[in-house]
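Visitor: One structure is given below, represented as structure tokens, and several questions about it will come after.
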Amino acid sequence: MKTIDTSITHITPADGNVFADLGFAPDEAAKLKIKAHLMIQLGEWIKQEHLKQEDAAALLQVSRPRVSDVVRGKTNKFTIDALVDMLERAGKRVTVQVI
């Protein structure tokens, strides 16, 4: 029986970008990190409000499959603009900070 090496070889720091560590180009990694953060915020809102996907879809003015895509983290199906629009409809204020 083969043994699998489960030792940790790299840890992305909390302020790092896991997408860059996975080999994405810097510009793509930056966009993916932003999308992931916005999607996490939407998912947390849905959980905090105890919403079913159908109810969240109505409030966000999108289809239920779109909510499913958000919850499942399918970043390739969304633009940053679309995610910001949904957060605004959820009553969340989105700001941008450039460091």
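Derivation of every value follows stated rules applied to the coordinates shown; laboratory data play no part. Note that the structure is predicted; figures quoted are calculated from it, not measured. No Cβ is skipped: glycine too gets one built from the backbone with ideal geometry, and neighbour counts run over all protein chains shown.
Visitor: Rounded to the nearest 20 Debye, what is the dipole magnitude of the chain about its Cα centre when Lys and Arg each give +1 and Asp and Glu each give -1 at the C-beta?
Guide: Magnitude of the dipole: close to 260 debye.
Visitor: Among the lysines, select those whose C-alpha is under 19 Å from the C-alpha of LYS52, and discard any that sit fewer than 8 residues away in the same chain.
Guide: Within the straight-line limit of under 19 Å, LYS52 reaches these lysines: LYS74, LYS92.
Visitor: How high is the relative contact order of region 42-99, in percent, counting Cα pairs under 8 Å that sit 6 or more residues apart?
Guide: Reported as a whole number, the value is 33 percent.
Visitor: Could you state the principal axis extents of the C-alpha atoms in the chain, from the largest down, to the nearest angstrom?
Guide: 50, 41, 22
Visitor: Still on this structure, I have one more. Show which aspartates and glutamates lie in cross-link reach of LYS47 when reach means a straight Cα distance below 14 angstrom and same-chain residues fewer than eight apart are skipped.
Guide: Within reach: ASP55.
Visitor: Apply 1/(1 + (r/R0)^6) to the Cβ-Cβ distance of ARG93 and ALA20, taking R0 = 30 Å, and write down the FRET efficiency to the nearest 0.05.
Guide: Computed FRET efficiency for ARG93 and ALA20: 0.65.
Visitor: Rounding to the nearest 20 debye, state how big the charge dipole of region 57-99 is about its Cα centre with +1 on each Lys and Arg Cβ and -1 on each Asp and Glu Cβ.
Guide: Computed about the Cα centre, the dipole is about 180 debye.
Visitor: Straight-line reach from LYS77: which lysines fall under 20 Å, measuring Cα to Cα and dropping same-chain residues less than 8 apart?
Guide: Leaving aside lysines fewer than 8 places away in the same chain, those within reach of LYS77 are LYS31, LYS33, LYS35.
Visitor: Here's something else I'd like to know. Can you put THR75, THR3 in order of Cβ neighbours within 10 angstrom, beginning with the fewest?
Guide: By the 10 Å Cβ count, ascending, the order reads THR3, THR75.
Visitor: Summing +1 for each Lys or Arg and -1 for each Asp or Glu, what net charge is found among the other residues whose Cβ lies under 10 Å from the Cβ of ASP55?
Guide: 0
Visitor: Using Cβ counts within 10 Å as a stand-in for footprinting exposure, how do SER7, SER63 rank, fewest first?
Guide: Lowest to highest Cβ neighbour count: SER7, SER63.
Visitor: List the GluC sites (Glu not before Pro) in the chain that DSSP assigns to loop (not H, G, I, E or B) and whose Cβ has at most 16 other Cβ atoms within 10 Å. Which are they?
Guide: Within the chain, the qualifying GluC sites (Glu not before Pro) (loop, at most 16 other Cβ atoms within 10 Å) are GLU49.
Visitor: When the chain is fully extended, how far beyond the present Cα-Cα distance does GLU28 get from ASP85, taking 0.36 nm per residue of separation?
Guide: The GLU28-ASP85 span can extend by a further 18.4 nm.
Visitor: DSSP H helices in the chain with Cα extent of 15 Å or more along the helix axis and mean Kyte-Doolittle hydropathy at least -0.5?
Guide: Both cut-offs are met by 26-48.
Visitor: Taking Cα pairs under 8 Å and at least six residues apart, what relative contact order does the chain come out at, in percent? Display every interim value, and only then the final one.
Guide: On the way: 70 pairs, mean separation 24.3, N = 99.
For the chain, the relative contact order is 25 percent.
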